[in-house]
1. Could you compute how fast region 259-334 diffuses translationally, taking Rh as the Kirkwood radius over C-alpha pairs and applying Stokes-Einstein at 10 °C with viscosity 1.306 mPa s? Give it in µm² per second.
2. What does the charge count near Ile309 come to, summing +1 for each Lys or Arg and -1 for each Asp or Glu among other residues with Cβ under 14 Å from its Cβ?
3. Just the number, please: carbon plus sulfur as a percent of the accessible area of region 110-231, 1.4 Å probe, no ligands or DNA/RNA counted.
4. Take the cross-link list Lys139/Lys291; Lys59/Lys333; Lys9/Lys208; Lys238/Lys290; Lys9/Lys74 and give me the ones stretching past 30 Å between alpha-carbons.
5. List the lysines whose alpha-carbon lies under 16 Å from that of Lys223, not counting same-chain residues fewer than 8 positions away?
6. Can you list which of the GluC sites (Glu not before Pro) found in region 261-323 are DSSP loop residues with at most 12 other C-beta atoms within 10 Å?
7. Efficiency by 1/(1 + (r/R0)^6): what FRET value for Ser101 and Thr326, r their Cβ-Cβ distance, R0 = 45 Å, to the nearest 0.05?
8. At a probe radius of 1.4 Å, what is the per-residue accessible area of Asp236, in Å² to the nearest 10?
Amino acid sequence: MKILVVRFKQIGDAILSSSICNTLKKTFPDAEIDYVLYEHVVPLFENHKYIDNVIKITKEEQKNPFKYFLKVWKITRKKYDIVIDIMSTPKSEFFTLLSLSSVYRIGRKKKYRGYTYTHKIEEPKDAKDKVDKFLRMLKPLEEKYKIIYDNNYTLTITKEEKEYMRNKMKEAGINFLKPVVACAINSRVPSKVYPIEYMVEVINTLLKDLDIQIVFYYSPDEKDFAHNVHKNLLDDNKKIFSNIETTSIRELAMLLSNCDMFFGNEGGPRHLAQSLDIPSFAIFNPDSDKKEWLANASDRHQGVEVRDIRTNTENMTRDEKYRLMTPEYIVSKVKEIYFKYVKR
């Protein structure tokens, strides 16, 4: 059996969606599971135990309709038995259009779309989170098969990769005899950035109260931001490290795999931390929904949103909502996880 799962999107979406691949491989151990992603996300899924082939859509193919169609045509020549279009957009539907011989062509039910699907899945109103919502797309397969559902999302970092990054971190001055905490001070989406003066207060308090080292990870274009924040912090004992640049999303995963905890702005890197089972605490922006995006929440993986502090925020500005999540509250929650899962 050959199965194709289509999910372009960004880091967090791709990680959460991978639970479908886990479920399919456990249900059909001998099946070949292929996963379609945007080029920059592909490296994350190297050596994944539930995915046989990760297929990339390059930036050039994203922008050029002819090249995109040609790529889809080449992929679908493999004649898949099952095609699952998680994206369910006019663009992604080309995969089912060019796979009309596939027994199952599953997509989400949307107005004026999905004519090439054999099964259209309605948006579930009772899903507990994003992972649960994605897994509902496998319901049609229950007509014929006993599906072994797995709501976990995992990534694999090899021992060699972890050791490579560990040496890089040691060279930067990290002492692995003490806890190492990764901090997401920034975000690819500006609206997801917790007020920086509040974040500075959180970090200063944690450094004063806990014997930890904090790593500011960043991509090349976030380097100046990380260094500027570092300058505004009380770092007399040199416990903050803003000198470890990750050149790819896979290198970021390697770095997080060497950390004892993650905290900071919600986003793809937090999903990365959870997929590697690094204890985590996320600060959700006022427009985000923790119930959806903090999939498989637990004492080990927590987060805060405005609704945890106050339910009625109707007349408040976005900034006022953000500031309801005070530094004192953030510090208390980070400490809670730290003392339970990190302190040595």
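The values are calculated or read from the model by the stated rules, or taken from the named source; none is laboratory data. What you see is a predicted model, and the numbers here were worked out from it, not measured in a lab. Virtual Cβ from ideal backbone geometry, glycine too; neighbours counted across all protein chains shown. The accessibility values were calculated without ligands, DNA or RNA, using every heavy atom of the protein model including side chains. Shrake-Rupley method; radii C 1.70, N 1.55, O 1.52, S 1.80 Å.
1. Using the Kirkwood radius from Cα pairs, D works out to 124 µm²/s.
2. +2
3. Of all accessible area on region 110-231, carbon and sulfur atoms account for 51 percent.
4. Table pairs above 30 Å Cα-Cα are Lys59/Lys333; Lys9/Lys208; Lys238/Lys290.
5. Lys231
6. Glu314
7. 0.20
8. Per-residue accessible area (Asp236): approximately 140 Å².
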